[in-house]
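Participant: Would you mind keeping the following structure in view while I ask a few things?
The values are calculated or read from the model by the stated rules, or taken from the named source; none is laboratory data. From a predicted model like this one, the values you see are computed outputs, not experimental measurements. Cβ atoms come from the backbone with ideal geometry, glycine included; neighbour counts cover every protein chain shown. For the accessible areas, the whole protein counts, side chains as well, though only heavy atoms, and no ligand, DNA or RNA atoms are used. Shrake-Rupley method; radii C 1.70, N 1.55, O 1.52, S 1.80 Å.
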Amino acid sequence: MKTTHNYRADFPILQREVYGKPLIYLDNAATTQKPRQVVEAIVDGYYSTNANVHRGVHFLSQQATELHEESRSAVRKFINARNSHEVIFTRGTTESINLLAHSFGEAFMREGDEVILSVMEHHSNIVPWQLLAARKKTGIKVIPVNSKGELQPDEYEKLFTLGRTKLVSVAHVSNVLGTINPVSEIIRIAHEHQVPVLLDGAQATPHLSVDVQELDVDFYAFSGHKMYGPTGVGVLYGKEEWLDRLPPYQGGGEMIEHVGFDRTTFNTLPFKFEAGTPDYIGTSALAKAIAYITTIGIDNIAVHERELTAYATRRLSAIDGLRIYGQSEQKSSVLSFLLGRIHPFDTGTLLDHLGIAVRTGHHCAQPLMQHLGIEGTVRASFALYNTTEEIDALAEALERIQKMF
Ligand code: 7TS
């Protein structure tokens, strides 16, 4: 990035070597590396402020509670939610979607009702709806993609059935194709049919500025670990008027107001959805990741990653026999490809031996692979600390591999 600050120095892991070669980490869509600030927040949390939250009268518990609730405010600000109690902490995107599929399904869906998904969804935005379908005999409709890997709004609009369609749930950004979906239009069309929308933002929050009020989205899910934060913490945002009407997902401590064997009443938002001890160390570390991103500026990160993706697309397209999957103009920093007839696992293994970490396989998007008529791809995905030199190394390695077969 064009700045005097060396961001790479904030990520000690980037200095290490694998197989005697400098690590080139291009698996950021799976998880990003963590800056010192985030790791130190975890260490500091356990060393200096560890106590269970929301329960103790003692000093330490109150301090831990304050930090945890300040983190909720930091998330609120990051996605511009109206209220902090619209931010539910979960273990990650997967748990956020499972929570919603369960609670929304319980409250609002009956046999024969439907959700609309897209063909490019991650399994975590497919299987929870299938579990619901098995429980309540609900259905799933699927938005197709065109040859560039873009959702087709007119096809989407045809999928609504009056009185039957209850929710639309789609990825903000595809983890395979990198497509940034036209979510404002998707939301507008759903709202014209009085249908709420959940966006799976797992691949969006590390790269784009997200404003849930401007989007007017009803629910938004994302994971801390994909945006320089810790593993095990994620978020489900929901509009208060929806969350208030949903039943709890899990039962336990924290989510209750009063428990009796004859009758139990539930706590208010957000605690109704947060049974048990939350990962309060993780939430503080997530707040540090948000502060890290905010200090650099998400728009600056986006510009840098766009340049890297354009550069990588140019370099890789010039390699004989290399095919890129996902050709949308609106694209995030994900590049999926196949090299001639070489199996993606072989390409990935050979790259690994050259110190280059990429992901290979179906990327938890088997229905999309089926649609593309392939088993899997090789995927390089970029973050704020990646450089054009690393992309040169990737391109040169791929040229070497191609000559081996
Ligand atoms: N949704 C999308 C679009 C994702 O890319 C992922 C993870 C998830 C949901 C699930 O997130 P989690 O934090 O709950 O696991 N995607 C990937 C990936 O592309 N490679 O590894 C994990």
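Participant: Can you tell me which of Gln370, Gln330 is farther than 19 Å from Thr31 by Cα, within 20 Å of the chain's Cα centre (by Cα) and surrounded by fewer than 17 Cβ atoms within 10 Å (Cβ to Cβ)?
Facilitator: Gln330
Participant: Residue by residue through segment 256-274, note down the ones that are open to solvent by less than 50 Å² (accessible area, probe 1.4 Å) and under 20 Å from Ala81 (Cβ atoms).
Facilitator: Of everything in segment 256-274, those that are open to solvent by less than 50 Å² (accessible area, probe 1.4 Å) and under 20 Å from Ala81 (Cβ atoms) turn out to be Asn267, Leu269, Pro270, Phe271, Lys272, Phe273, Glu274.
Participant: Moving on to the next point. I'm checking my understanding of the structure. Among residues of segment 63-76 that are over 18 Å from the mean Cα position of the chain (by Cα) and over 17 Å from Gly276 (Cα atoms), which one is least open to solvent (accessible area, probe 1.4 Å)?
Facilitator: Ser71
Participant: Can you pull out the strands (runs of 3 or more DSSP E) entirely within segment 325-393 that have at least 2 residues that are under 24 Å from Pro206 (Cα atoms) and away from the ligand (no atom under 15 Å from the Cβ)?
Facilitator: It comes to none.
Participant: Taking the conditions exactly as written (within 16 Å of the ligand (Cβ to nearest atom) and either assigned by TED's automatic domain parsing to the domain that holds Ala287 or in a helix (DSSP H, G or I) (or both)), does Leu67 satisfy them or not?
Facilitator: Criteria not met by Leu67.
Here's the yes/no breakdown for (1) open to solvent by 30 Å² or more (accessible area, probe 1.4 Å); (2) of a type outside the set (Val, Ile, Thr):
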{"position": "Gly20", "(1), (2)": "yes, yes"}
{"position": "Leu23", "(1), (2)": "no, yes"}
{"position": "Asp27", "(1), (2)": "no, yes"}
{"position": "Val39", "(1), (2)": "yes, no"}
{"position": "Ala51", "(1), (2)": "no, yes"}
{"position": "Leu60", "(1), (2)": "yes, yes"}
{"position": "Asn83", "(1), (2)": "yes, yes"}
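Participant: Limited to segment 163-182, what total is found for residues that are surrounded by fewer than 24 Cβ atoms within 10 Å (Cβ to Cβ) and either among the charged types (D, E, K, R) or away from the ligand (no atom under 13 Å from the Cβ) (or both)?
Facilitator: 5
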